[in-house]
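What follows is calculated from the coordinates using simple rules that are stated; it is not laboratory data. What you see is a predicted model; the values in this text were computed from it and never measured. Using ideal geometry, Cβ is built from the backbone for each residue, glycine included, and neighbour counts are taken over all protein chains shown.
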Amino acid sequence: MTAEETARRVAELKAERNAVILAHNYQIAEVQELADFRGDSLGLSQQAAATDADVIVFCGVHFMAQTAKLLSPEKTVLMPDPGAGCPMADMITPEQLRRFKAEHPGAPVVAYVNTTAEVKAESDICCTSSNAVQVVQSLDADTVLFIPDMHLADWVARHTDKQVIAWGGYCPTHVRINPDTVRYMQEQHPDAIFIVHPEARREVLDMADLVASTSGMAKFAHETDAREIIVGTEQGLVERLQVELPEKTFYIVPHTVCPNMKKTTAAKVLASLENMQYEIDIDPEIAERARRAVERMLEVS
């Protein structure tokens, strides 16, 4: 089946199923082209919740589809490739979090959205990379526990007056961005500015002109007068920005590919709609508690 035939069949099934397709910024181009909405994980879930769609096809990784289900419990949420997980999210389990809380009694838990619903259910409030500082600062506590990303936790600790105790998780893709590579790229492109995601290491963040979430990076890229930009995040966003802003030049930091984000293809999106596979199901009791942590975040931001 050609790309055009796939797109046509997907459009037919979307109308038939009353479906909406979401694609994270890191998805491959052929998937992003099929999407009704493109963006970061929470923003996509909120957009889908605001539609009258009966079916959400989430092209991303597992925790993102779970978040969409939390915000749209009455909708059917499908994931084209059930094997698309998130290594960072898998770095903490509910059992590990309960032990972590027991070691620091009374300290509220801030869970990055890059966590499973089961871990969110054990947390007090969620955050995104764009609102993490605001969420932590809003808490009536001197000490907070931050899971699972230690690099985002470090960034937050440097921008709040709280004591932030971090879990030791990390994003394998973002930690591959190293200062030597960035320095070399800056030397090769002296007129370029450097923007980076806060999941990168501190020494990389300190080299940046802007530290921001994927949506923050995209907004900045559209608004800045800079003509050349080195982008320190998964290369899918860079490829999308280059298409949207052909008058600017974007440089990809090497080795920034998330293999899980690349598992979804146009053919899998089509199969998901044809066969109504693979549906996200969350235990109701866990979903209720996890949803509460997400809603508390939304009240803050």
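Taking the Cα atoms of the chain, report the difference between the largest and smallest coordinate on each principal axis, in whole Å and largest first.
54, 53, 28
Using alpha-carbon pairs under 8 Å, 6+ residues apart, how would you state the relative contact order of the range 222-298 in percent?
Working: 43 pairs, mean separation 18.2, N = 77.
Reported relative contact order: 24 percent.
Taking R0 as 22 Å, what FRET efficiency do you get between residue 104 and residue 295 from their Cβ-Cβ distance, rounded to the nearest 0.05? Before the final figure, lay out each step's value.
Working: r = 24 Å, r/R0 = 1.09.
That pair, residue 104 with residue 295, gives E of 0.40.
Can you give the net charge of the other residues whose Cβ lies under 12 Å from the Cβ of residue 293, counting K and R as +1 and D and E as -1?
Net charge around residue 293: -1.
With an 8 Å Cα cut-off and a minimum separation of 6 or more residues, compute the relative contact order for the chain in percent.
Taking the mean separation of contacting Cα pairs over the length of the chain, I get 23 percent.
Counting only pairs 8 or more places apart or on different chains, how many lysine pairs in the chain have C-alpha atoms closer than 26 Å?
21
Give me the dipole magnitude in Debye, nearest 20, for the chain about the Cα centre, with unit charges on the beta carbon: positive for Lys and Arg, negative for Asp and Glu. Working shown, then result.
On the way: 28 positive and 45 negative charges, 62 e Å.
The dipole magnitude comes to about 300 debye.
Which one of 213, 243, 188 has its Cα pushed farthest toward the positive end of the charge dipole of the range 177-252, where Lys and Arg give +1 and Asp and Glu give -1 at the Cβ?
Of the options given, the answer is 213.
With the radius of gyration and the Kirkwood radius both derived from the Cα set of the range 108-256, what is their ratio Rg to Rh? Can you show the working numbers first?
Details: Rg = 16.0 Å, Rh = 16.0 Å.
My calculation puts Rg/Rh at 1.00.
With the Cα gyration tensor of the range 177-252 in hand, give its eigenvalues times 5 under a square root as the equivalent ellipsoid semi-axes, listed largest first in whole angstrom. Walk me through the intermediate numbers first.
Working: eigenvalues 64, 39, 22 Å².
With the √(5λ) rule applied to the range 177-252, the semi-axes are 18, 14, 10 Å.
Within a Cβ distance under 15 Å of residue 178, other residues only, what is the Lys/Arg minus Asp/Glu net charge?
Neighbourhood net charge equals -1.
What is the local net charge at residue 187, summed over the other residues whose Cβ is closer than 14 Å to its Cβ (Lys, Arg +1; Asp, Glu -1)? Please report the intermediate quantities before stating the final value.
Working: positive: 183; negative: 180, 191, 228.
Around residue 187, the charge tally is -2.
Extending each Cα 7 Å along its Cβ direction at residue 30 and residue 191, get the distance between those two points in nm, one decimal.
3.6 nm
If you wrap a convex hull around the alpha carbons of the range 180-301, what volume per residue comes out, as a whole number of Å³?
163 Å³
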